[in-house]
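J.: Handing you this structure, nothing more for now.
The values are calculated or read from the model by the stated rules, or taken from the named source; none is laboratory data. A quick note: this is a predicted structure, and the numbers were derived from the prediction, not measured. Because the Cβ atoms are built from the backbone with ideal geometry, glycine has one as well, and the counts that use them run over all protein chains shown.
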Amino acid sequence: MLNYLFRRLLLGLAQLLGLVIVVFLILQAVPGDPVRIMLGERVPAEYVETVRERLGLNEPMLTQLWTYLTRIVTGDLGESVTFGQSIQTLVASRMEPSAYLITYGLLLAVIFGGVLGVFAAVRSGTVADFTLRILATALLAMPAFWVGLVLALIFGIAWGLFPVSGYQPGLVGAFRTLTLPAIAIALSLVAVVLRTLRSSMKRVLDSEYIEAARARGYSENRVLARHALRNAVTPTISIVAVVVGFLIGGTAVIEQVFSIPGLGSLLVQAVERRDYPVVQAIALLAGTVVIVAGLVADLLQAALDPRVRNAIRNG
Amino acid sequence: MSEHVRDDELLQISDLRIGFGAKPGEASPIVHGLSLSIGRGRILGLVGESGSGKSLTCRAVMRLLPDGGHVLSGSVIFDGRDILAMSKSEVLAFRSSEIGMVFQDPFSSLNPTRRIGSQMIEAIRNALNLSKEDAERRAVSLLEEVELPNPAAKLRMYPHELSGGMRQRVMLAIAMAARPSLLIADEPTTALDTTTQAQILELLRRIRDVDGTSILLVSHDFGVIAEMCDDVAVMYGGFIVESGPVEEVYLRPKHPYTKALIASVPTLAVPERGYRRPTIPGPPLGTTPYASGCPFAPRCALARPECEDVSMTLLPVASAHTSACPFGGE
């Protein structure tokens, strides 16, 4: 396990390095003069040169990459061109609502998707299973922003249970303001988790070691919890890790719908203003979250299933 | 039917009918009125080809019929109690301590993600009220009994780190954890190579000799049955077509199916030039529902028109030897 952990961490570091290089290249890939594009046509040429020098864009590309790398390692993300503050402060102020929103949505999805997925697998073939599967397909087909609007209409405006826009910091405030958007995010994820878990759970429940466990006189709950679920959960972990990556970008729409000042809406604003350093920083952050999610998923799977560790060791 | 209750019988199945369908009322029967009994400390072989109903019969005794399987009628009396009438919790207690089961494929009958020790200790503690330490000690001694070398180290291993024969020994050790009085072995050696097969069979026999455990040994191989069992029941198409003491049936088979089955057992003798081992002609058991008469008639070399009206009742041949063929296989 330690050997596996070490190799996997090394891979994660390599991925991070690759990410930094790709994100760095975003700015190089901008057609034309990036500074001109950022500042617009009407800015005087001397100011363009000042900004270019301030951003270090007059240096050779490899020097720029090296500066970029060393700055990132020390936690310096640079200066926003249009927001007039450092990117760290900017991102930090927008991080909390997004982090809460994604965690909240994921928790809802994993809890409800997990319980319903196991239920559907155990009751496979019954009316309940059939209904759940139809419902899951329907939820998958609904775009999150539309679900968000419907939720806001029903629970926010018609029933007045939750505010329909804005964000209040703190746990209570976050709960009040983020519940509807979290549900909007979670609904389609519930469907993903439900379907993945149901199918792997069904396959495991059909296997001989489950029959053997039943033949030993174990209660059905023990069979499910100690033998079936643990073996069925690995594909779901992979899917959830991928979904986390999608969520980083996917929350942008929901944050717009519910006017939440999070990273998603910051990204939208930064793109509109062509504030490339901010776009870079958010891309870097999102990529890091994806890499870390993948790392956590792999380690979890290796901890749950010895065959995963073995496959890595031998191959 | 000459069914008389004897006290020395551990398991008595009478007129068991099993069917498949969404509801018991709509189920199409697969096993048709099967009766058999296993004496205490005896090994009964249940032999027949795939689809003959052997495994279903075992599952019915375990109350583990797969989804859609229903017991339509009959009784399964174990040590004076009807298994089919037990409540759910009684069934769990029965499975955990009075009966053990080993399966065909030792590669898939152990949980691949948990260590041998954890699976054994779980089974032991589920059956007997032991502390974790005592259960672990018992696991070690069980592995010693099934002659697995270095048992303490084996407990820390995962199933994929053991060979097929070792896993089947572990399965046997788990099945014997609570010293059950009946062991069901459903094709326990089919997935193993010949040498390992002989060792596992030897071990089964030792379990019977030492613990006095009754064994229901399912196989499609009459050679294995002849070597291992005291009694044999031959199944075809959901019926027992012949049963009796194993030497009696093996040396003087009366049912054409039994005869064909015995004739197809390979021997070590060098065959003569041009010799072809007899096989049973015709297609194997299909999924067409049973109508009436002898199910083997379509493949039987000796079939005659009357076979369509045979009632499949077991008729006495000699003492304890019965056959469902009223024509004596001639």
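J.: Wholly within the stretch A:170-265, which helices (runs of 4 or more DSSP H) include no fewer than the required count, namely at least 3 residues that are free of Cβ contacts under 8 Å to residues at least 40 places away in the same chain and within 14 Å of chain B (Cβ to nearest Cβ)?
T.: Passing ranges, in order: A:171-205, A:208-215.
J.: Looking only at the stretch B:38-73, count how many residues are surrounded by fewer than 18 Cβ atoms within 10 Å (Cβ to Cβ) and in contact with a His (Cβ under 9 Å, 6 or more places away or on another chain).
T.: 2
Quick grid of which residues meet (1) in contact with a Gly (Cβ under 8 Å, 6 or more places away or on another chain); (2) surrounded by 24 or more Cβ atoms within 10 Å (Cβ to Cβ); (3) of a type outside the set (S, T, N, Q); (4) farther than 19 Å from A:VAL122 by Cβ:
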residue: A:THR179; (1), (2), (3), (4): no, no, no, yes
residue: A:ARG198; (1), (2), (3), (4): yes, yes, yes, no
residue: A:ARG203; (1), (2), (3), (4): no, no, yes, no
residue: A:ARG214; (1), (2), (3), (4): no, no, yes, no
residue: A:LEU224; (1), (2), (3), (4): no, no, yes, no
residue: A:ILE239; (1), (2), (3), (4): no, no, yes, yes
residue: A:GLU255; (1), (2), (3), (4): yes, yes, yes, yes
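J.: Identify the residue in the stretch B:78-97 that is of a type in the set (Lys, Arg) and either loosely packed, with under 15 Cβ neighbours inside 10 Å or farther than 29 Å from B:ALA22 by Cβ (or both) and, among all such residues, is farthest from the other protein chains (Cβ to nearest Cβ).
T.: Residue satisfying both the conditions and the ranking: B:ARG81.
J.: When you check B:LEU183 against the structure, is it closer than 28 Å to B:VAL232 by Cα and of a type in the set (A, V, I, L, M), yes or no?
T.: yes
J.: While we're here: Collect the residues in the stretch B:98-120 that are surrounded by fewer than 22 Cβ atoms within 10 Å (Cβ to Cβ) and more than 7 Å from chain A (Cβ to nearest Cβ), keeping them in residue-number order.
T.: Matches in the stretch B:98-120: B:GLU98, B:GLN104, B:PHE107, B:ARG114, B:ARG115, B:GLY117, B:SER118.
J.: OK, next. List, please: which pairs have Cβ atoms under 9 Å, are six or more places apart or on different chains, and start with a residue in the stretch B:300-328 that is within 23 Å of B:LEU36 (Cα to Cα) and end with one that is among the charged types (D, E, K, R) and in a helix (DSSP H, G or I)?
T.: Close Cβ pairs satisfying both conditions: B:VAL317/B:GLU248; B:ALA318/B:GLU248; B:SER319/B:GLU248; B:ALA320/B:GLU248; B:HIS321/B:GLU248; B:PRO326/B:GLU306; B:PHE327/B:GLU306.
Yes/no per residue for (1) at pLDDT below 95; (2) within 14 Å of another protein chain (Cβ to nearest Cβ); (3) within 13 Å of B:ASP186 (Cα to Cα):
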| site | (1), (2), (3) |
| --- | --- |
| B:HIS32 | yes, no, no |
| B:LEU44 | no, no, yes |
| B:VAL61 | no, yes, yes |
| B:GLY68 | yes, yes, no |
| B:VAL76 | no, no, no |
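J.: Does the stretch B:291-302 contain at least one residue that is crowded, with 16+ Cβ neighbours inside 10 Å, assigned to a loop (DSSP other than H, G, I, E, B), at negative phi and not hydrophobic (A, V, I, L, M, F, W, C)?
T.: Yes - at least one qualifying residue is present in the stretch B:291-302.
J.: If A:VAL43 satisfies every condition in (1) surrounded by fewer than 15 Cβ atoms within 10 Å (Cβ to Cβ); (2) in a helix (DSSP H, G or I) but one, which is the exception?
T.: So A:VAL43 meets the others, but not (2).
J.: For the stretch B:245-263, does any single residue satisfy the condition of being in a strand (DSSP E or B) and at pLDDT 95 or above?
T.: Within the stretch B:245-263 (the criterion being in a strand (DSSP E or B) and at pLDDT 95 or above), the answer is yes, since at least one residue qualifies.
J.: Tally time: how many residues in the stretch B:170-181 are crowded, with 23+ Cβ neighbours inside 10 Å and touching a helix residue (DSSP H, G or I) at 6+ places or on another chain (Cβ under 7 Å)?
T.: Residues flagged as crowded, with 23+ Cβ neighbours inside 10 Å and touching a helix residue (DSSP H, G or I) at 6+ places or on another chain (Cβ under 7 Å) within the stretch B:170-181 amount to 5.
J.: Now for a separate question. Can you work out which of the residues in the stretch A:75-106 that are among the hydrophobic types (A, V, I, L, M, F, W, C) and without any contact (Cβ under 8 Å) to a residue 24 or more places away in the chain is surrounded by the fewest Cβ atoms within 10 Å (Cβ to Cβ)?
T.: Applying the filter and picking the extreme gives A:ALA92.
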